[in-house]
Each structure stands twice: as C-alpha cells, then as structure tokens.
Amino acid sequence: MSASPPPPDFVHKDWGPYVGVAFIALANILCYCCNDNSVFGRLLWRRHGLHHSSFFASNTRRGSGWRHSRDSTQFWAFDVLDPASVVSSPWLNAWGLLALHTLTLSWLGISMAVEAAADDGVESSWLTWFTHWSLVLLSAAGGVGVMLQARYMWLLRREGCGLGRVTHEPPPSLVAADAHGGVGARVALGPRAPSPYLPAGAYPLAEAAEEGRAASEAEPAPKGAAGVVRWDWLSITFVLAMQAAVTAAFFLDIYFWVVMIAFQGDPAGGPATYLKHAGNMGIALMEVFLTRLPIVSVHVQTTLAYGTCYMIFLWIYGSETDQWRYGLNWYKSGSVAMYALVPIALVVFMIIWWGIALGREAAVNALARRRAGAAGATEAGTGGGKRGGAVGADADPAAVAVQA
C-alpha cells in the first residue's frame with residue numbers, strides 16, 4: 001500500500017486537528033468515567049447506587065455469563081477474575097496451550113518472511129501501518145503467553161502432575177487463596193464456583209492441597225510468594241495485551257476488507273495480505289476459544305489507549321511527511337468523522353468478542369456436564385460392583401470396612 005495524493009477538490013480544514021484530537025481524548029475520558037471503580041465512577045455511579053453500570057465479563061471466579069459479572073472493586077477487575085483461566089483449557093493440555101502461544105508468537109515472523117519473499121524485502125515504512133503495529137502486539141502477547149504457560153508447566157512438574165492431561169483447572173495445590181492485581185494491592189478472590197473438572201484423586205497432592213488451602217485462607221501467603229496460580233505482572237500483562245490484540249485484529253480485518261477493498265477499491269495484495277488480514281483473525285479466534293481468556297468490559301480502556309498511541313504517531317508522521325495512512329488525514333472532514341467512529345468500533349468489536357467468549361463458556365459448561373455425568377456413571381457402576389462382591393460370600397471384615 002502506498003499513500004495517494006489528495007484529490008483536486010481537496011479542501012483543507014484548519015479546524016480538523018482540534019476536533020480529531022478532541023474526539024480521541026473524549027473517547028478515553030468517557031471510557032474511564034464509565035468504570036465504576038475510577039475516581040469519577042466512585043463519586044458518581046456508586047454515590048447514586050449504580051454499582052454495576054458498565055462492568056461485564058465473559059467468565060469470572062463465580063462462573064460465566066452476565067449474572068456473574070458482579071462485585072468488582074478494582075479498576076481492572078482482577079479481583080473477580082480467575083487466574084487459572086489463562087493457563088488451562090478444557091480442549092488442550094499444557095503442551096497444546098504452549099504450542100498455541102508459540103504459534104501466535106511466531107505469526108509476526110511468518111508474515112514478515114512471506115512479505116519479504118513476495119516483495120523483495122520489507123519496506124522501510126513497514127511500521128507506519130496500524131496493521132503491523134497490531135501484528136507486533138499479537139505476537140508480543142503470544143510471547144507473554146509462552147512465558148506464562150512455561151512457568152505453569154514447571155509448577156505442574158514440580159507437583160508431580162502430568163502435562164498431557166486436558167483439564168480446565170490447575171491442581172488445588174497451585175490455587176492461591178488470594179491474588180495480587182491492579183497496581184500490586186492484595187485482593188481477595190472470593191469463593192470459586194464448584195468445578196466438575198477435578199475428580200477425586202486426579203492429582204497426587206490433592207488432599208494435602210485442600211488442607212493447605214484452608215490454612216492459606218486463614219493466613220494468606222505473603223505478596224510475591226511463588227508456586228501458586230495468581231494474578232501477577234505476567235498474567236495481567238497477558239490478559240490486557242491479548243484482549244487489545246484480538247480486538248484490534250477484528251477491527252482491522254473488517255476495516256480492510258469492507259472499507260478499503262469493498263468500498264475504496266484498493267487491491268487486495270498477495271499472500272502476505274491474507275496472513276495479515278485473515279490469518280491473524282484465525283490466530284485471535286484460537287487464542288479466545290481454545291483458552292479461557294476473559295473478555296472484560298473495563299479492559300477496553302487498554303485497547304483505546306493502544307489505538308490512541310497509534311493516532312498520536314499518525315498525526316506526527318502525517319504532519320511531517322504528508323502521508324496519511326488509511327486516509328486518516330485530519331485536515332479532511334470525512335477523516336475527522338472517522339476519529340469519532342474508530343473508538344466506537346473498537347468498543348463494538350470488544351462486545352462481539354465478549355459474545356464469542358460467552359459461546360465458548362456455554363460449550364465449556366456443556367462439556368463439563370457431559371464429563372461429570374460420564375464420571376458419575378462410571379463411579380456408580382464400579383461402586384455397585386464392589387459392594388455386591390463384598391456382601392456376597394464369606395467376605396473378609398477388613399475388606400468390607402475398606403470398601404465401606
């Protein structure tokens with residue numbers, strides 16, 4: 001893609017920069033004010049009894065769905081989110097999740113290699129496009145996911161647990177009774193919803209872990225304690241970066257194929273274009289559906305901040321070179337209107353991702369009920385057989401006591 005000269009009837013709007021900057025600033029301010037736990041939210045929403053005016057999440061520690069999106073007291077809402085959701089999956093084992101994040105990490109290199117082979121190298125202006133910014137963000141989030149998953153696998157090995165088992169929950173010995181979120185303040189995680197993913201005896205240290213958890217609830221582990229699944233800088237960075245990356249990928253693909261290709265008639269390009277504007281969406285879908293990445297309304301603040309950083313770069317770059325990416329020339333009235341629409345679109349695509357994540361949670365719950373039913377039927381059959389055999393003939397009293 002290359003910048004095109006302005007049309008002959010181009011009218012320079014001196015007021016454009018002021019209005020464009022005002023739109024972007026207003027979007028960030030409104031997003032902040034709509035957070036119940038912002039300074040403004042505490043003064044306005046909570047004072048008037050609107051405790052849950054804007055917060056919703058696809059999955060929390062209490063379950064999934066709209067009715068569980070309650071009781072957050074932190075700006076980023078990590079006090080109600082489950083840290084186990086980003087290191088375990090009902091579909092993949094630990095190795096599978098590591099492979100998924102590794103693929104995401106490598107997507108930037110794959111795209112650049114294909115583009116370099118097709119175009120005899122990568123353009124010097126490669127990083128001036130929001131598409132490439134978002135590729136970097138997606139791969140960086142994948143890299144954080146690799147580190148997060150590798151650390152979790154090390155903890156599993158330390159506990160003597162296999163890495164090939166598909167489980168939605170970590171071992172009880174690795175579940176913290178508290179967590180550290182936000183800017184480092186301790187937050188109580190609250191009670192977890194009953195889970196059908198932990199059959200009795202699934203982990204060698206399960207019984208001792210339950211005793212340890214009861215003790216830790218009475219006396220929480222000190223800040224920074226290692227060896228448990230908790231919210232820390234690594235897991236928080238992964239969630240915020242990945243939600244911003246998948247939202248940006250969705251927005252970019254719709255903008256590219258609908259606005260630039262369908263309406264403006266720009267050429268679609270070669271294989272690298274499909275990797276950047278279709279393959280990236282496939283990666284984003286896998287990162288959301290194959291994990292239990294929570295999609296949280298208040299995290300859209302990060303996405304808007306990320307988009308604002310690109311806008312600031314674009315304003316500087318466009319003013320210095322007169323090359324305005326995506327036609328976002330702030331001296332054109334139509335482009336200024338886009339500055340108002342882009343933040344709205346990012347929020348809309350976040351809500352769509354939330355709906356996709358709710359569908360994932362419905363599938364997870366259906367799978368849980370199926371597994372629990374199968375496990376219950378197997379246990380009932382085995383238990384009945386044992387009781388029948390013990391009562392039948394001259395059974396050993398000690399054996400009968402053990403079976404009972």
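Condition first: farther than 30 Å from C31 by Cα and outside any helix (DSSP H, G or I). Now tell me which residues in the stretch 73-100 satisfy that. Break it down stepwise before answering.
First, the residues of the stretch 73-100 that are farther than 30 Å from C31 by Cα: 88-100.
S88, S89, P90, W91, L92, N93, listed by residue number.
Between a residue in the stretch 106-131 that is over 19 Å from F256 (Cα atoms) and without any contact (Cβ under 8 Å) to a residue 12 or more places away in the chain and any residue that is among the acidic types (D, E) and in a helix (DSSP H, G or I), which pairs come within a Cβ distance under 8 Å, given they are 6 or more apart or on different chains?
V122/E115
In the stretch 283-300, is there at least one residue being in contact (Cβ under 8 Å) with a residue 12 or more places away in the chain, over 30 Å from W91 (Cα atoms), among the hydroxyl-bearing types (S, T, Y) and assigned to a loop (DSSP other than H, G, I, E, B)?
no
Of the residues A150, A140, A94, which single one is within 19 Å of T291 (Cα to Cα), buried (at least 16 other Cβ atoms within 10 Å of the Cβ) and over 16 Å from the mean Cα position of the chain (by Cα)?
The match here is A94.
Looking at L103, L156, which is the one that is part of a helix (DSSP H, G or I) and at pLDDT below 85? Let's see the steps before the verdict.
Working: L103 fails: at pLDDT below 85.
Residue meeting the stated conditions: L156.
Check Y310, Y326, Y317 and return the single one that is of a type in the set (S, T, Y) and modelled with pLDDT under 85.
Only one candidate passes the filter, namely Y326.
Assess whether V347 counts as being part of a helix (DSSP H, G or I), in contact with a Cys (Cβ under 9 Å, 6 or more places away or on another chain) and either among the hydrophobic types (A, V, I, L, M, F, W, C) or surrounded by fewer than 15 Cβ atoms within 10 Å (Cβ to Cβ) (or both).
Considered against the rule, which asks whether it is part of a helix (DSSP H, G or I), in contact with a Cys (Cβ under 9 Å, 6 or more places away or on another chain) and either among the hydrophobic types (A, V, I, L, M, F, W, C) or surrounded by fewer than 15 Cβ atoms within 10 Å (Cβ to Cβ) (or both), V347 comes out as yes.
Pairs needed: first member in the stretch 359-378, under 17 Å from L293 (Cα atoms); second member anywhere, at pLDDT 75 or above and in a helix (DSSP H, G or I); C-beta distance under 9 Å; at least 6 residues apart or different chains.
G359/F289; R360/V288; R360/F289; A363/F289
Name the one entry in L341, L346 that is touching a helix residue (DSSP H, G or I) at 6+ places or on another chain (Cβ under 8 Å) and modelled with pLDDT of 75 or more.
Answer to the check: L346.
Considering only residues that are surrounded by 17 or more Cβ atoms within 10 Å (Cβ to Cβ) and modelled with pLDDT under 80, look in the stretch 27-53 and name the one that is farthest from the chain's Cα centre (by Cα).
Within the stretch 27-53, the match that is farthest from the chain's Cα centre (by Cα) is W45.
The values are calculated or read from the model by the stated rules, or taken from the named source; none is laboratory data. If you're wondering where the values come from, they're calculated on a predicted model, not measured in any experiment. Note that we place each Cβ from the backbone using ideal geometry, even for glycine, and neighbour counts take in every protein chain shown.
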